[in-house]
Amino acid sequence: MDILDSCGIPYESVPGVSSFCAAAASLGIEYTLPDVSQSVIITRVAGRTPVPERESIRSYAMHKSTMVVFLSTSLVEDLQRELLAGGYSEDTPAAVVYKASWKEEKKMTCTVATLSKTVREAGINNSALMIIGDCVTHKNYMKSKLYDESFSTEFRMAKTK
């Protein structure tokens, strides 16, 4: 956009569905679940292009929030090491989604301890994202009150029993 702007070339930006949303849909998961995770960190591993230290995988891992990691399957060993050093346990659920929403899509679930092995055995080295956190496999969680008929919202009054 900067180059087009500097050349006076008009353009239109048309947003699409991000692969991190398509990956969640494909896996049948929700990123934010009450009592499980309310925050999603979208990031990448520092490689040839650096990342500010305050935004390192290790520093983000201390939050133990849901993390979606782009552009990093070729650096999966570094990612795994930094996730563990930052505080995720080895048994933290993880998922790898290759080409989310494409007909060639592949999806795998694993743990932080087996993340590198899973990526390598699948032969994935690009076009994938990795999801780290309990939302990947969590099936027992408190349901959102938003749709609970005993919960008032600006659009409806709570029903009393």
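Dipole magnitude for the chain: about 440 debye, using +1 per Lys or Arg Cβ and -1 per Asp or Glu Cβ, origin at the Cα centre.
For the stretch 1-49, how big is Rg over Rh, using alpha carbon atoms and the Kirkwood form of Rh?
Numbers: Rg = 17.1 Å, Rh = 14.6 Å.
Here the Rg-to-Rh quotient is 1.17.
Of the accessible area of the chain, with the probe set at 1.4 angstrom, what percent is carbon plus sulfur? Here carbon and sulfur together make up 53 percent of the probe-accessible area. Using Cβ point charges alone (K and R +1, D and E -1), the dipole size of the stretch 74-149 about the Cα centre works out to roughly 260 debye. The calculated FRET efficiency for SER127 paired with PHE155, based on their beta-carbon distance and R0 = 45 Å, is about 0.65.
Please compute the per residue accessible area over the chain with all protein chains in place, 1.4 Å probe, rounded to a whole number of Å².
Roughly 64 Å² per residue, with all protein chains present.
Only the Cβ atoms of Lys and Arg (+1) and of Asp and Glu (-1) were treated as charged; on that basis the dipole of the stretch 61-114 about its Cα centre amounts to roughly 240 debye. Counting only DSSP H runs of at least 4 residues, each contributing -39500 (n - 2.57), and dividing by the residue count of the chain, the helix-based mean residue ellipticity at 222 nm comes to -6000 deg cm²/dmol. Listed by chain and number, the lysines placed with their C-alpha closer than 24 angstrom to that of LYS106 are LYS117, LYS139; residues fewer than eight positions away on the same chain are left out. In terms of overall dimensions, the C-alpha atoms belonging to the chain reach 60, 50, 37 Å along their principal axes, ordered largest to smallest.
Principal axis analysis of the Cα atoms in the stretch 15-78 yields extents of 32, 28, 25 Å, listed in decreasing size. Extension gain for the segment LYS106 to CYS21, taken as residue separation times 0.36 nm less the Cα-Cα distance, is 29.1 nm to one decimal. Restricting the stretch 114-161 to GluC sites (Glu not before Pro) that sit in a DSSP loop and have at most 15 other Cβ atoms within 10 Å of their own Cβ leaves GLU149, GLU154. Within the stretch 1-139, antiparallel bridges make up roughly 75 percent of the DSSP beta bridges whose residues both belong there.
The values are calculated or read from the model by the stated rules, or taken from the named source; none is laboratory data. Please read all numbers here as calculations on a predicted model, not as lab measurements. Every residue, glycine among them, receives a Cβ derived from its backbone with ideal geometry; neighbour counts consider all protein chains shown. Ligands, DNA and RNA are excluded from the accessible area calculation, which covers all protein heavy atoms including side chains. Shrake-Rupley method; radii C 1.70, N 1.55, O 1.52, S 1.80 Å.
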